[in-house]
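Q: Here's a structure for you.
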Amino acid sequence: MATQVSFPGIYIQEFTPGAPIQGVGTSTGAFIGTAIKGPVNAPTFLTSWDEFQNVFGGLIAEASNVPISTRSYLAPAVYGFFLNGGTGCYVVRAVPSTTPTLMATADLPITAAVPSPVPTDLVVTAIAEGSIGNSISVTAADSSRLGSQLSAVGLGPTLTVPAALTAGQLSFQVTVPSPSTFVLSQALPTGAVIEVAEGGSSEFVTVASAGPVTPGVGLITLTTALQNAYGPGATVASMEFNLTVTGAATEPTQQFLSMNPLHPGYWGTAFQSQYVTLSLPATPPTYPALPLVPNPNPAPGAVTLKGGTDDNRTLDLSDIETNPTFYLNLLAQLQDVDIIAFPGITNANVQQALITHCETLRNRFAVLDAAPDSSVGYTGLQTQYGQVRTPDGFAAIYFPWIQVVNPLTGVTEYWPPSGHMMGIYAMTDQSRGVYKAPANVPIQGALGLQSQLANADQGPLNLLGINILRVFPEQSQPLVWGARTTSTDSDWQYINVRRLFIYLEQSIEQGIRWAVFEPNNPMLWGKLKRTITEFYVRIDATLNPPASQALGQLYMEVGIQPTYPAEFIILRIGIWQGGSSVTES
């Protein structure tokens, strides 16, 4: 609104500035590899090493003669990530999609006599992976909650109906014991399945409620009406079931379970086992040929689990090397992944796929492990580096591997540095900011290095873009002594510059999303300029001619002056002698 002016002076006009831009996160890691156990091919977010141990099984005690190419370095990488300051990461346990199920299973068939094949009532699945589950058995047996409570007061297993029942009847009376120790609503809780029987006629119905009417008389109300008629003296029995699980030991029998979720013994909440879990079948059982609802409980008898397959981590790693894109695609939809690695996998196909993944999404950065190399001039390392160079600089590679003491075995080993480096990235982001290069930082947990490089060794490798880990004479702990990407373009040769731009691009994208579908005119341009105030911003008619506006396009330029790391510090020193000096440079 225009301000009306009349006298010389200062007039104040209020306006609504653009919404401030909130910075996105930069320190969430993602690791892909093999593990002892845990969810398969499903990104799982973790916030501690203890959580990784609980979910994926922790470190693996592998024999010293196992080749590096077949070792699992997922756990060491996650361990190093949290040890060096990481606070949250996704883990993908890789298993080929063609691998048979890792868990042993068995079907508990339904009790009812139904046409073949007999439908499955419950599916039993081993908790432990692999062939160990094939030794577990589960035994089902009929039981009766009502019968147990009647037996406690010295009576038989059923109740008696004193009067005739008609088809369509929804409630009826039963004769109940007089002792106060028997409570009908506890013996026949809501959801209990009962069998009403007389002579050769019977049917199964479900209890909606049960309770006393007068001393010695109770009332049962059903969820559905009776389909048959019964004479006086018909009996009522409750139908529950017991399960006994035998693994390395036989667990206590779990009694009076029910298939009805309303029943206090519903298997989904009452059943507990250290060996197996229960679940419903993928296709619920149907009984189109039966005139009456059948007994829904599992049939009495024992089943032995089968089909458990031991995970072959060598084949898992081979599949990663053959088809890395499959596993990377599992992480593609996660917007909060910032740094990502295949720990210990130096295969060119995998590392190229990882870089392509990062360059395509443009919201994450790859951390690569260099293969161990002891050749003169590190020719193998240079060959590997030549296979991962790209112009955009969405990756960094680190050499050599670090020396650690395995917390599980106490043995000194060499681990790939990618997980520890990602922890340093996260720690640097949180303590200083993403603009700071993650370098000149000690590596927590590292005691030494597989290869010791001198200045003359590092010089040519550093200029290529290979980040070297060093141990200097006055220090015992390895330092990160490089901050370069694998870019062929000098604009993107530093890690902090590329990651700063990832951060800014993602933050600005989210921060100006409100502008989509707004009228494309100078008013919108002004709001956007006020929103992005920290940088050089250009939005004008030259960038946005009518032809572009007609296509629904809005162009804006944002210029950023990044801070480059002081990688080379040149010290000029001389002798000062009053009015004259002698210098060396």
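Q: Considering only the range 35-48, state which residues are at pLDDT 95 or above and surrounded by 18 or more Cβ atoms within 10 Å (Cβ to Cβ).
A: P43, L46
Q: OK, next. Among the residues of the range 479-530, write down those that are surrounded by 15 or more Cβ atoms within 10 Å (Cβ to Cβ), assigned to a helix (DSSP H, G or I), at pLDDT 90 or above and not β-branched (V, I, T).
A: W492, N496, R498, R499, L500
Q: What are the pairs, 6+ residues apart or on separate chains, where a residue within the range 258-271 that is closer than 7 Å to G191 by Cβ and in contact (Cβ under 8 Å) with a residue 40 or more places away in the chain has its Cβ under 6 Å from a residue that is surrounded by 15 or more Cβ atoms within 10 Å (Cβ to Cβ) and of a type in the set (D, E)?
A: Pairs that qualify, where the first residue is closer than 7 Å to G191 by Cβ and in contact (Cβ under 8 Å) with a residue 40 or more places away in the chain and the partner is surrounded by 15 or more Cβ atoms within 10 Å (Cβ to Cβ) and of a type in the set (D, E), are S258/E240.
Q: Name the pairs whose Cβ atoms lie under 7 Å apart, with the first residue in the range 391-403 and in contact (Cβ under 8 Å) with a residue 24 or more places away in the chain, the second acidic (D, E) and in a strand (DSSP E or B), and 6 or more positions between them or separate chains?
A: That search, which allows pairs on different chains as well, returns Y398/D369.
Q: OK, next. Given the condition crowded, with 22+ Cβ neighbours inside 10 Å, in contact (Cβ under 8 Å) with a residue 24 or more places away in the chain and more than 23 Å from I60 (Cα to Cα), answer yes or no: does some residue in the range 308-322 qualify?
A: Looking for residues that are crowded, with 22+ Cβ neighbours inside 10 Å, in contact (Cβ under 8 Å) with a residue 24 or more places away in the chain and more than 23 Å from I60 (Cα to Cα), one finds none in the range 308-322, hence no.
Q: Would a scan of the range 455-467 turn up a residue that is among the hydrophobic types (A, V, I, L, M, F, W, C), in the same structural domain as L368 (by TED's automatic domain parsing), in a loop (DSSP other than H, G, I, E, B) and at pLDDT 95 or above? Walk me through it before giving the result.
A: Taking the range 455-467 first, the residues among the hydrophobic types (A, V, I, L, M, F, W, C) are 456, 461, 463-464, 466.
Among the residues that remain, those that are also in the same structural domain as L368 (by TED's automatic domain parsing) are: 456, 461, 463-464, 466.
Checking the rest, the ones that are also in a loop (DSSP other than H, G, I, E, B) come to 466.
Still in the list and also at pLDDT 95 or above: 466.
For the range 455-467, residues among the hydrophobic types (A, V, I, L, M, F, W, C), in the same structural domain as L368 (by TED's automatic domain parsing), in a loop (DSSP other than H, G, I, E, B) and at pLDDT 95 or above: present.
Q: In the range 531-542, what count of residues is obtained for those that are more than 30 Å from K436 (Cβ to Cβ), touching a strand residue (DSSP E or B) at 6+ places or on another chain (Cβ under 9 Å) and exposed (fewer than 14 other Cβ atoms within 10 Å of the Cβ)?
A: Total satisfying the criteria: 0.
Q: Can I ask one more? Among strands (runs of 3 or more DSSP E) lying entirely in the range 18-101, which contain 1 or more residues that are among the basic types (K, R)? Can you show your working first?
A: On the way: elements: 29-33, 44-46, 89-93.
Output list reads 89-93.
Q: Please specify each residue of the range 50-63 satisfying the condition of being more than 14 Å from the chain's Cα centre (by Cα) and closer than 20 Å to N84 by Cβ.
A: D50, G58, L59
The values are calculated or read from the model by the stated rules, or taken from the named source; none is laboratory data. Since the structure is predicted, the reported quantities are computational estimates derived from the model, not experimental observations. Please note: Cβ atoms are built from the backbone with ideal geometry, for glycine as well, and neighbour counts cover all protein chains shown.
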